[in-house]
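Step one of this worksheet: look at the structure below.
The values are calculated or read from the model by the stated rules, or taken from the named source; none is laboratory data. Since we're looking at a predicted model, the values are computed, not measured. Glycine gets a Cβ as well: all are built from the backbone with ideal geometry, and neighbour counts include every protein chain shown. Areas reflect the complete protein model, heavy atoms only, side chains present, ligands, DNA and RNA absent. Shrake-Rupley method; radii C 1.70, N 1.55, O 1.52, S 1.80 Å.
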Amino acid sequence: MRNSIVLVGFFVMISALLAGCDSTDNPPSNVEPTSEAKADTVFFNGTIITVDDNNPKAIAVATRGGLITYVGGLAGLQPFIADTTDKIDLKGKTLVPGFVDAHGHVVSAGLQAASANMLAPPDGAVTDFASLIATLEDWQSTDSGREFIERTGWLLGFGFDDSQLSEGIFPTANELSMITEEKPLMIIHQSGHFGVFNRHALALAGIDDCNKTIPGGLIRCEADGTTPNGVLEENAFFGALRVFQSSIDPAYAVDLFEQGMQLFASYGYTTAQEGRAFAASLMTAEARVDQGLLPIDVALYLDYTAKEQMTASPYYSGSGYGGIGYTDGFRIAGVKLTIDGSPQGKTAWLSEPYFVAPHGQPADYVGYPAMTEQQVNDEVMHAFANDRQILVHCNGDAAIDRYLNAIERAVAVHGLGDRRNVLIHGQTLRKDQIARLKELGIMPSLFPMHTFYWGDWHRDSVLGPERAAYISPTRDVLDAGMIFSSHHDAPVAMPDSMRVLSATVTRMTRSGQVLGPDQRVTPYEGLKAMTIWPAYQHFEEKEKGSIMVGKQADFVILSADPLSIDPLAIADIQVLETINNGQTVYRAPEEYSAPAPMASIDSPRVGGDRDSHGCIGSAGYQWCEKRGECARSWEVVEVKTGDTTADLAADFADQCSLN
């Protein structure tokens, strides 16, 4: 009886809505329902953005068995309704396709969720060495911190960023020794390409000589030129990281993977990527899948050094060229190469010198490759010969040249085909390289999120104004007749979908400056770069990425419409619910109101914390009286190895005070 009353009430509501809607403006796309095909769920009374260019908006959507069965107007929805149908009144909220992760590290993201949060504002509170140390000390006494230490034997902080520390330099083992030497301690740079180890951790990793040659990596030295100072770059860091990974209890590793998936789901991702998996990561993922269906789909790419694991795994069903095959939400999708490092960390391999060379490096320093030319050529040729999709990390334009040359050689032998090989990041992609990407069938997965997090740093220190304005040139890629995807690279940044969209659309830096305005795209193009275009990148455009009949019922409910809101407020839109294969996998703990226009937002915004002199503290600026301008400590003071926060503060005061 109750269901009948609810159903009558629902049709009264539908009739009222129909009176104000002309459903002919939204032609229905549906499968004619039979008694066996009535909807499990229907959505109505909100903004529905389908990302289907032939039918871009709809009034209602119906699903059954994890698939979309109807997209169109209210009149066509009624035959799909049964007593048992779950009727979701969106109440003016916005429904969009589930987000497809173009590049991230979902297996690793659980470490970010469980470790001490070393991020700078707005995602954390670490702005100097003192707050870094305090954050680590506070984390040790939390439930998650105690569990982490108990089940790994290590202390871990994730996400510190030297460009956002007031000292402007890396902390070293000296600072970490203030926290503990009784247990191994590691903090990971936000780029994921550097780590700082305390002396206990260095000893466990067997690192006792900073002059040891590590191809594609570097051990930084103390002033004596022999003793490691705790900072490890690139392959030196990745090698030492394996010592930590081997200490993780396997059951806890699965728990961390679960936390990573839940974190991605909370930002609307219904398909996540593990973009560089080694054997241990694959074992963790397989162990979780053996327990049952994953909450979201996960496509994993094996590091080239672990590619032989692919054929031995039951979760590799072949390349995407012949169709995809998930097992309980998991598949091995291809191979990952990493040719260089991090631009914000100044290890990306450039063709022209860095604007400001890192401490201890000559003025003509251009970074360095992480793989030799022969290695890249061999691995690309092997992937082509075995019909395997490859993702290739290249931040510097010199690294991109090496990748393009290797693809060109492989195409000459094996042909172009529909391989959808991917350029990951492409931060310093040159305009002349875009034409080669198109010619070689390489899809760029770009990282415009950098414009927010590191745009000021790229402009002032990494690349200089001209090159910085061209990072992740999304508009020129579209104008060349190509598509691109936009990613977060979590745990490098939080998998914050609305921050991804905001940065892709506005290119606004932390300090409120627009970096490369001519490379901005529209909100609709930005939304495509998170839905249908990365679905295409994964060979999954027939199953995902848009709201169309026959595709997976993957949706995100947002607090506001990103296509109609002030673009400067996109980052404030909240994910209210994430639905994967018709099942809710995340629901926000409380209702959110739609974000207001920027002018009426009362809460502090990053870049809005100007002091009486106009200096932006969140960007590291302080007033320098002698210069009569805002400055950061490393721009005024010559930083020396071993300098503490107090030393730098005193030196800054000496250099800037008129007294």
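Let's see if you can work this out: charge +1 on each Lys and Arg Cβ, -1 on each Asp and Glu Cβ, no other charges. What is the dipole magnitude of the stretch 204-245 about its Cα centre, in debye to the nearest 20?
With Lys and Arg at +1 and Asp and Glu at -1, about 160 debye.
Measuring with a 1.4 Å probe in the full set of protein chains, what accessible area per residue, in whole Å², belongs to the stretch 449-489?
It amounts to 24 Å² per residue over the stretch 449-489.
Report the full-extension gain for the segment D208 to S317: residue separation times 0.36 nm, less the Cα-Cα distance, to one decimal in nm.
Stretched out fully, the D208 to S317 stretch lengthens by 34.9 nm.
Before anything else, pin down the relative contact order of the stretch 228-353: Cα pairs under 8 Å, at least 6 apart, normalised by residue count, whole percent.
21
If I take the Cα coordinates of the chain and project them onto the principal axes, what are the three extents in Å, biggest first?
Ordered largest first, the chain gives principal extents of 81, 61, 52 Å.
Roughly how big is the chain's charge dipole about its Cα centre, with Cβ charges of +1 (Lys, Arg) and -1 (Asp, Glu), in debye to the nearest 20?
Value, rounded to 20: 1360 debye.
Take each of the peptides 536-542, 110-116, average the number of other beta-carbon atoms within 10 Å over its residues, and list them starting from the highest.
Peptide ranking by packing, descending: 110-116, 536-542.
Run the reach check for K346 against lysines, Cα to Cα strictly under 19 Å, same-chain hits fewer than 8 apart removed. What comes back?
Result set, ordered by chain and number: K640.
For the pairs K528/K551; K38/K87; K431/K544, note any where the Cα-Cα span goes beyond 20 Å.
K431/K544
Restricting to the chain, what percent of DSSP beta bridges are antiparallel, rounded to 5?
Counting DSSP beta bridges with both partners in the chain, the antiparallel share is about 50 percent.
To the nearest 10 square angstrom, what accessible area does L77 show with a 1.4 Å probe?
0
Taking the alpha-carbon distance from K212 and a cut-off under 15 Å, which aspartates and glutamates remain once sequence neighbours fewer than 8 residues away in the same chain are dropped?
Leaving aside aspartates and glutamates fewer than 8 places away in the same chain, those within reach of K212 are E222, D224, E233, E234.
Which cross-chain or sequence-distant (5 or more) residues have an amide H under 5 Å from the amide H of S511, H modelled 1.01 Å from N in plane?
D456
Return the calculated 222 nm mean residue ellipticity for the chain, to the nearest 500 deg cm²/dmol, obtained by summing -39500 (n - 2.57) across DSSP H runs with n ≥ 4 and dividing by the residue count.
-8500 deg cm²/dmol
So if I take the centroid of the Cα atoms in the stretch 264-318 and the same for the stretch 104-170, what is the distance between those two points in Å?
25
State whether the stretch 264-390 is rounded, prolate or oblate according to the following rule on the C-alpha gyration tensor (a ≥ b ≥ c being the square roots of its eigenvalues): a/c under 1.5 gives rounded; otherwise a/b larger than b/c gives prolate, and the remaining case gives oblate.
Prolate shape, in that a/c is at least 1.5 and a/b is the bigger ratio.
Using the basic label-point model (7 angstrom from Cα toward the beta carbon), what is the S247 to T180 distance in nanometres?
0.8
With charges set only on the Cβ (+1 for Lys and Arg, -1 for Asp and Glu), what does the dipole of the stretch 214-303 come to about its Cα centre, in debye to the nearest 20?
The calculation lands at about 60 debye.
Once phi is turned into θ = phi - 60°, what whole-Hz ³J(HN,Hα) does the Karplus curve with 6.51, -1.76 and 1.60 give for every residue of the stretch 386-392, x standing for Gly and Pro?
With the stated coefficients, the stretch 386-392 comes to 9, 6, 10, 5, 10, 9, 10 Hz.
Where the centroid of each part is defined by its Cα atoms, how far is the stretch 386-413 from the stretch 176-251 in Å?
Taking the Cα centre of each part, the stretch 386-413 and the stretch 176-251 sit 30 Å apart.
May I ask you to give the percent of accessible area on the chain that is carbon plus sulfur, with a probe radius of 1.4 Å?
Carbon with sulfur: 51 percent of the solvent-accessible area.
Considering only the other residues whose Cβ falls under 13 Å of the Cβ of Q140, what net charge follows from Lys and Arg at +1 and Asp and Glu at -1?
Once all neighbours under 13 Å are counted, the net charge is -4.
Calculate how many DSSP beta bridges within the stretch 216-337 are antiparallel, expressed in % of all such bridges and rounded to the nearest 5.
Of those bridges, close to 30 percent are antiparallel.
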